[in-house]
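The values are calculated or read from the model by the stated rules, or taken from the named source; none is laboratory data. Bear in mind that the values here come from a model prediction, so they are computed numbers and not experimental data. Quick reminder, even Gly has a Cβ in these numbers, built from the backbone with ideal geometry, and neighbours come from all protein chains shown. SASA here: full protein model, heavy atoms, side chains in, ligands and nucleic acids out. Shrake-Rupley method; radii C 1.70, N 1.55, O 1.52, S 1.80 Å.
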Amino acid sequence: MISWTNFSERHPLSSVTKSFSLKLCSQRPCFQDLDTPFSQFSAVNVVPGPQDIPLIDAIISQRHAHISTLASQMASVDGAIRKLGAIQTKLEKNSSHVRGSLLTHQALISPARRIPPEVLSEAFYHCLPKTPYVTPRDVEAPMVLTRVCRHWRAVAMSTPRLWSSLSIHLQKIACEAYRRGCESWLARAKSVPLAIRVLNDVNMFGADPTLLESVVLWLRPLISQSTDLWWHGPSLPTLFVPMPDTDLPIQHLRITSHRDTPAIHFPGPARRLRTVSLQCLNYDLQSLDGIHLPWDNLLELNMHFALFSSALFVQLLTRCGDLRTLFVSCLSADEDQRAVLRALPPGSITHPRLRRIEIKVIRAGLEAIFSALTLPALEDLDVCFCYRERDAWPHAAFMDMLARSRCALKRLTVRSNKSALPYFGEYMETMPGLAIYTSTPDPLSR
């Protein structure tokens, strides 16, 4: 504890300033008038007479004495300033100690100390980045939360949800420290399901097969604990092979690639898989031969390719019997594919559960698809034409599909095709509760 009495005794500030003032006054000469009879000749070339020289010498000696006195007084002032500076430094140091003690004791009664750990844990969870896959950074949660205080660190480290998401770069897996860091991160998640994004940035051309196999073996245990997986880049063979007599817990799967088709093979069960998104915007998908999924389990399917065969669209509906939502781009049909679709009896493809369809059409074939479908559960249809106004809206086939399906269509969106506009009045009359949208966000009817 700081003793202010002892401090005042050691540093008598008032006595220092008082003694200095008395000393200064006692030594202070009178400098009010420094003019002499000779001052007027300073600007003219006057030669003093022999009788004046002794007087001038006396004045010079007096001025030297004055300068010595002033120098002595300035030295005294400098000494006093140094003493006062030392006192000020001591005061500032003691003030800093007192302020630190104040903050310490204020922290003891801070409301933050009374927050239950489970509430603090929930608050930490809401501090995570908005992306579903966390990239570890020192300035973002959860890492930054571990550097505030011991209590916050303990709470953060014991909150599994903070560590259940991770982005992994395969190119770095060869580094032992990186692998240990990933394993340590995910180990804190304990039994919480994982959400993992894997960026395959390895150059697959000429890659060491032994290295790739070690990567697969390292990834498999992580995938076996993941309910959400995003794989970006070239596929790795045998990646999704589960352990014997196990069911992969994965529920959401997203695979994106820039160069080739996403090859997927689930040789074992994945009964919980509900949502799949496949994207390769530089690839024309004409076959599902390289994609083996538990189609019957899926509730939502997103297929985004440079070109997506219209025949595959119909094939997907026959495979995914429990599907609720389907997104497809860019739908295309050459003459052979349209001939196959036209050969189907009207309404022969029935899907009783599909509620929402969103498709982008780049080539003709939509009329043949509408003619083949019966969709009794359809509520939302969104069609975007990639080439504005090139293909006519298939009004007759659309109305026949609605009549067959007897669905309660609630929302129709037709983008970039003005040929559909003349029919909107008929659609709203036929289905009074229908909301129709064009490329603008405001509905024509609600």
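Taken over region 47-80, the criterion of being of a type in the set (D, E) and outside any helix (DSSP H, G or I) is satisfied by D52 alone. Residues that are modelled with pLDDT of 85 or more and either over 17 Å from R319 (Cβ atoms) or hydrophobic (A, V, I, L, M, F, W, C) (or both) within region 258-278 comprise R272, L273, V276, L278, listed in sequence order.
Please indicate, with yes or no, whether at least one residue in region 121-129 is within 18 Å of W185 (Cα to Cα), of a type in the set (S, T, N, Q) and not in a loop (DSSP other than H, G, I, E, B). Taking every residue of region 121-129 in turn, at least one turns out to be within 18 Å of W185 (Cα to Cα), of a type in the set (S, T, N, Q) and not in a loop (DSSP other than H, G, I, E, B). Can you find a residue in region 165-181 that is β-branched (V, I, T), over 20 Å from the mean Cα position of the chain (by Cα) and within 19 Å of Q251 (Cβ to Cβ)? Checking region 165-181: not a single residue is β-branched (V, I, T), over 20 Å from the mean Cα position of the chain (by Cα) and within 19 Å of Q251 (Cβ to Cβ).
Please work out which residue is surrounded by the fewest Cβ atoms within 10 Å (Cβ to Cβ), limiting yourself to region 165-212 and to residues that are touching a Phe, Trp or Tyr at 6+ places or on another chain (Cβ under 7 Å) and hydroxyl-bearing (S, T, Y). The qualifying residue surrounded by the fewest Cβ atoms within 10 Å (Cβ to Cβ) is S167.
When A339 is tested against the conditions (1) free of Cβ contacts under 8 Å to residues at least 12 places away in the same chain; (2) farther than 18 Å from F313 by Cβ, the lone failure is (2).
Within the set of pairs 6 or more residues apart or between chains, which connect a residue that is free of Cβ contacts under 8 Å to residues at least 24 places away in the same chain and open to solvent by less than 70 Å² (accessible area, probe 1.4 Å) inside region 81-95 to a residue that is aliphatic (A, V, I, L, M) and in a helix (DSSP H, G or I) with Cβ atoms less than 8 Å apart? Note: no pairs meet the criteria. The condition of being modelled with pLDDT under 90 and open to solvent by 20 Å² or more (accessible area, probe 1.4 Å) holds for only one of P443, P422, that being P443.
Considered as a group, the residues in region 288-341 that are of a type in the set (S, T, Y) and not in a strand (DSSP E or B) include one that is least open to solvent (accessible area, probe 1.4 Å), and that residue is S310.
Among all positions in region 370-389, there is no residue which is within 28 Å of L248 (Cβ to Cβ), surrounded by 16 or more Cβ atoms within 10 Å (Cβ to Cβ) and not small (G, A, S). Just one of (1) more than 32 Å from the chain's Cα centre (by Cα); (2) at pLDDT 95 or above; (3) of a type in the set (K, R) fails for R356. It is (1).
For every residue, the table says whether it meets (1) closer than 22 Å to A141 by Cα; (2) touching a strand residue (DSSP E or B) at 6+ places or on another chain (Cβ under 7 Å); (3) not in a helix (DSSP H, G or I).
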site: L186; (1), (2), (3): yes, yes, no
site: V192; (1), (2), (3): yes, no, yes
site: D201; (1), (2), (3): no, yes, yes
site: E213; (1), (2), (3): no, no, no
site: L217; (1), (2), (3): no, no, no
site: D228; (1), (2), (3): yes, yes, yes
site: P249; (1), (2), (3): no, yes, yes
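Scanning region 313-349 for residues that are under 19 Å from A364 (Cβ atoms) and among the β-branched types (V, I, T) yields V314, V328, V340, I349.
Restricted to region 129-159, and to residues there that are closer than 24 Å to V198 by Cα and surrounded by 17 or more Cβ atoms within 10 Å (Cβ to Cβ), the residue that is farthest from the chain's Cα centre (by Cα) is T159. Only one residue in M428, M401 is free of Cβ contacts under 8 Å to residues at least 24 places away in the same chain and closer than 25 Å to P352 by Cα, so which one is that? None of the other options fit; the residue is M428. L281 satisfies every condition listed in (1) at pLDDT 75 or above; (2) aliphatic (A, V, I, L, M); (3) touching a Leu at 6+ places or on another chain (Cβ under 8 Å) except (3). Among (1) closer than 28 Å to P249 by Cβ; (2) crowded, with 17+ Cβ neighbours inside 10 Å; (3) out of contact with any helix residue (DSSP H, G or I) (no Cβ under 6 Å at 6 or more places or on another chain), where does R353 come up short? If we test R353 against (1) closer than 28 Å to P249 by Cβ; (2) crowded, with 17+ Cβ neighbours inside 10 Å; (3) out of contact with any helix residue (DSSP H, G or I) (no Cβ under 6 Å at 6 or more places or on another chain), just (2) comes out false.
Consider region 224-240 and keep the residues that are among the hydrophobic types (A, V, I, L, M, F, W, C) and at pLDDT 85 or above. The one that is most open to solvent (accessible area, probe 1.4 Å) is W230.
Among residues of region 306-323 that are over 16 Å from G290 (Cα atoms) and modelled with pLDDT of 95 or more, those with a beta-carbon under 8 Å from a residue that is assigned to a helix (DSSP H, G or I) and open to solvent by less than 20 Å² (accessible area, probe 1.4 Å) at least six positions away or on a different chain give the pairs L323/L316; L323/L317. The criterion of at least 3 residues that are closer than 20 Å to R324 by Cβ is met by the following strands (runs of 3 or more DSSP E) wholly inside region 367-446: 380-385, 411-415.
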